[in-house]
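My structure is below; once you've seen it, I'll send some questions.
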Amino acid sequence: MRNKILLIAILILILSIGTTAHADLAERVAGHWSESEISETFMAYYFPYLAKNGFENFDPNGFTTRQEFSVSLISLFREHDYTVSGLGDTGALTRIDMAYEMGRRLVEAGFEIGPDYQITFQDTTSVSEDRVAHLTLLHQLGVVKGESNSVFNPARKLTQAEAVVLLQRLDAVFKKETDIPFKITWNSEAYDRKEEMTTIIADDVVLIEITKQFNTPGYGLDVEKVVASGDLYRIHFKITPPPSDAILPQVITYKTLTIEIPRESLGEPPYNFVVEGFRTTGENR
């Protein structure tokens, strides 16, 4: 009987803690513009420093630092198998700084700005050209919407609520990717090649040949997936290092893969293939 009472007490405590945490988040965003947009699950996973202890550190209108934002941003990229560069400093993050931090990593991951895409913000004339380019990419992807069609307010500090919502929108962009069927028709190793990527468009298939350099023999090179992401097709490598106790010559080695993709899976050219370190649009054969 005593054990039964104790079990009931523990269950009540667990339920009360969960209810309190949810209530704390709901209370903090009540009446705020982000009330209907912030996902508690997403925030707890990518912003644990704000979500801990019942979201006690979360202030929707409070500011976020460049380093905190970068930690969450890099985690999101890695969750979707993108490798991007490191952390920022600990200073406060402005909205245009945010555009730079997000945009430059998207460019690293292979995203591109549409050549004819234009933003309508009227308050970015004093912003550097590269930051405007990154902001344009985010607007094109639907990640940034601005305070209005003509106002972005680049110098204002980024709020915690904005940080969460922006990363949720980027997560949605990543999840729009579609798997493309493929097969590997050639996998070889040599010592006298160079790193490169070439694409040949045949009648029924597209052939992508990728050569990657390694410092020693023994590495395995495979492809995990090919995905469509907007106007790009991303090739995700799987690299297996040699056994740690292997005795190998210290000689530069090149692994070459040939990937075959049915043209019916790609539609009409041009095809923009992206893999880490390479980009190619292909040629007709």
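Return the carbon/sulfur percentage of the accessible area of the chain, one whole number, probe 1.4 Å, all protein chains in place.
52 percent
Report the one residue of Ala109, Gln122, Thr240 whose Cα lies farthest in the direction of the positive end of the charge dipole of the stretch 101-252 (charges on C-beta: Lys and Arg +1, Asp and Glu -1; origin at the Cα centre).
Highest projection toward the positive end goes to Gln122.
Full-extension gain between Gln67 and Glu195, please, as 0.36 nm times their residue separation minus the C-alpha to C-alpha distance.
Separation in residues times 0.36 nm, less the Cα-Cα distance, equals 42.7 nm.
A further question on this structure: If you wrap a convex hull around the Cα atoms of the chain, how much volume per residue is inside, in Å³?
214 Å³
Shifting gears a bit: Once you have the Cα-Cα distance between Glu209 and Lys183, take 0.36 nm times their residue separation minus that, and quote the gain in nm to one decimal.
Length gained between Glu209 and Lys183: 8.2 nm.
With a 1.4 Å probe and all protein chains left in place, how much accessible area per residue does the stretch 131-233 have, in Å²?
46 Å²
Among Tyr191, Val205, Leu141, whose Cα sits farthest toward the positive end of the charge dipole of the stretch 118-215 (+1 at Cβ of Lys/Arg, -1 at Cβ of Asp/Glu, about the Cα centre)?
Highest projection toward the positive end goes to Leu141.
I've got another one for you. Using a 1.4 Å probe and counting only protein heavy atoms, arrange Glu162, Glu35 so the residue with the most accessible area comes first.
My answer, sorted largest first, is Glu35, Glu162.
Where a Cα-Cα gap under 20 Å defines reach, which lysines qualify for Lys176, not counting those fewer than 8 residues away within the same chain?
Leaving aside lysines fewer than 8 places away in the same chain, those within reach of Lys176 are Lys145, Lys225.
What angle do you read, to the nearest 10 degrees and between 0 and 90, between the alpha-carbon axis of helix 95-108 and the longest principal axis of the chain?
The two axes meet at around 30 degrees.
Let me ask something else about it. Kindly provide log₁₀ I(q)/I(0) values, in the same order as q = 0.13, 0.24 Å⁻¹, from the Debye equation applied to equal alpha-carbon scatterers of the stretch 72-134.
Scattering profile of the stretch 72-134, log10 relative to I(0): -0.41, -1.13.
Suppose every K and R has +1 on its Cβ and every D and E has -1 on its Cβ; what is the size of the dipole of the chain about the Cα centre, in Debye to the nearest 20?
It comes to approximately 700 debye.
On a C-alpha basis, how far is the centre of the stretch 124-138 from the centre of the stretch 51-73 in Å? Whole number, if you could?
Cα centroid of the stretch 124-138 versus Cα centroid of the stretch 51-73: 25 Å apart.
Which value in deg cm²/dmol, rounded to the nearest 500, describes the helix-derived mean residue ellipticity at 222 nm for the chain, given -39,500 (n - 2.57) per DSSP H run of n ≥ 4 and division by the residue count?
Result for the chain: -11500 deg cm²/dmol, rounded to the nearest 500.
Follow-up. Helix 129-141: angle to the longest alpha-carbon principal axis of the chain, degrees 0 to 90, nearest 10?
The helix 129-141 is inclined about 80 degrees to the chain.
Angle between the Cα long axis of helix 160-175 and the longest principal axis of the chain, 0 to 90 degrees, nearest 10?
Once rounded, one gets 40 degrees.
The values are calculated or read from the model by the stated rules, or taken from the named source; none is laboratory data. Note that the coordinates shown come from a computational prediction; the quantities given were computed from them, not determined experimentally. In this analysis, Cβ positions are derived from the backbone assuming ideal geometry, glycine residues included, and neighbour counts consider all displayed protein chains. These area figures cover heavy atoms from the full protein model, side chains too; ligands, DNA and RNA do not enter into them. Shrake-Rupley method; radii C 1.70, N 1.55, O 1.52, S 1.80 Å.
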